[in-house]
1. Determine the dipole magnitude for segment 2-181: charges of +1 sit on the beta-carbon of Lys and Arg, -1 on that of Asp and Glu, nothing else is charged, the reference point is the Cα centre, and the result goes in debye to the nearest 20.
2. Of the peptides 72-79, 174-181, how do they stack up when ordered by the mean number of other Cβ atoms within 10 Å, highest first?
3. Evaluate the distance, in nm, between pseudo-label points positioned 7 Å from the Cα of Thr57 and of Lys105 along their respective Cα→Cβ axes.
4. Each residue of segment 157-166 in turn: what ³J(HN,Hα) in whole Hz from Karplus with 6.51, -1.76, 1.60 and θ = phi - 60°, glycine and Pro shown as x?
5. Report the full-extension gain for the segment Thr36 to Thr120: residue separation times 0.36 nm, less the Cα-Cα distance, to one decimal in nm.
6. What number comes out for the charge environment of Val166, summing +1 per Lys or Arg and -1 per Asp or Glu over other residues with Cβ under 13 Å away?
7. Defining a contact as two alpha carbons under 8 Å apart and six or more residues distant in sequence, what relative contact order in percent does the chain show?
8. Per residue of segment 29-40, in order, report the coupling 6.51 cos²θ - 1.76 cosθ + 1.60 (Karplus, θ = phi - 60°) as ³J(HN,Hα) in whole Hz, putting x for Gly and Pro.
Amino acid sequence: MERCKRLWIGAASLGLVSFTGASYAALSMPTEAQVTFQVSGPAGMKIEGATSELKLTEDSGNLVLVVPLGNVTTGISLRDKHMRDDLEVPKFPDATLKIARGALKFPGNGDRAEATAMGTLTLHGQTQPVLVRYDAKADAGVIVVHGKIHFSMNDFGIVVPSYLGVTVKPDTDVNATFKVTGS
């Protein structure tokens, strides 16, 4: 009987620690962030843009990830200017992804979680649902997150870029990797 009691107490304590560790009452601002997008065009052409600017806030039970678009670079300054013009960055300076915190799986210390969750992406002044695929690994209070979304520029009213007769496809892949700490 005493052994059962100790096992129960141990299991309850482990569950409490796992729940506490997994829920992460508050998350820090992301560090070591890297957000990339990729579009493709004819003959295997691929264009990639990147930024290390990423903000994370919490609002009414949602995690809100914001990427300022003004400093996304593609490696070619003229293409960067065209991209900012096509996205109307002065009018719509950010891309915002909102996901219900309860829809996410947070890994316990030393664990990894891999899942999908529905979110809403606001881009170019329009908001659409998107499927977010992500994995997260927790170690010593630091969570390393990698997430992906896929969308069509057409769904956000973005004119598909075309330059000198070369037009990219509207399909866009976005990847983000960052670290956060939980308290």
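Every read-out reported here was derived from the displayed coordinates using simple, explicitly stated rules and does not represent laboratory data. Computed from a predicted model, the values in this text were never measured in an experiment. Ideal geometry is used to build each Cβ from the backbone, glycine not excepted, and the neighbour counts take in all protein chains shown.
1. Working: 18 positive and 18 negative charges, 106 e Å.
The dipole magnitude comes to about 500 debye.
2. Highest mean packing first, the order is 174-181, 72-79.
3. That separation, rounded to one decimal, is 3.0 nm.
4. x, 8, 5, 5, x, 9, 9, 6, x, 9
5. Gain in length upon complete extension: 28.4 nm.
6. +3
7. On the way: 371 pairs, mean separation 44.1, N = 183.
Value for the chain: 24 percent.
8. Per-residue couplings from phi come out as 5, x, 10, 6, 7, 9, 10, 10, 10, 9, 10, 10 Hz.
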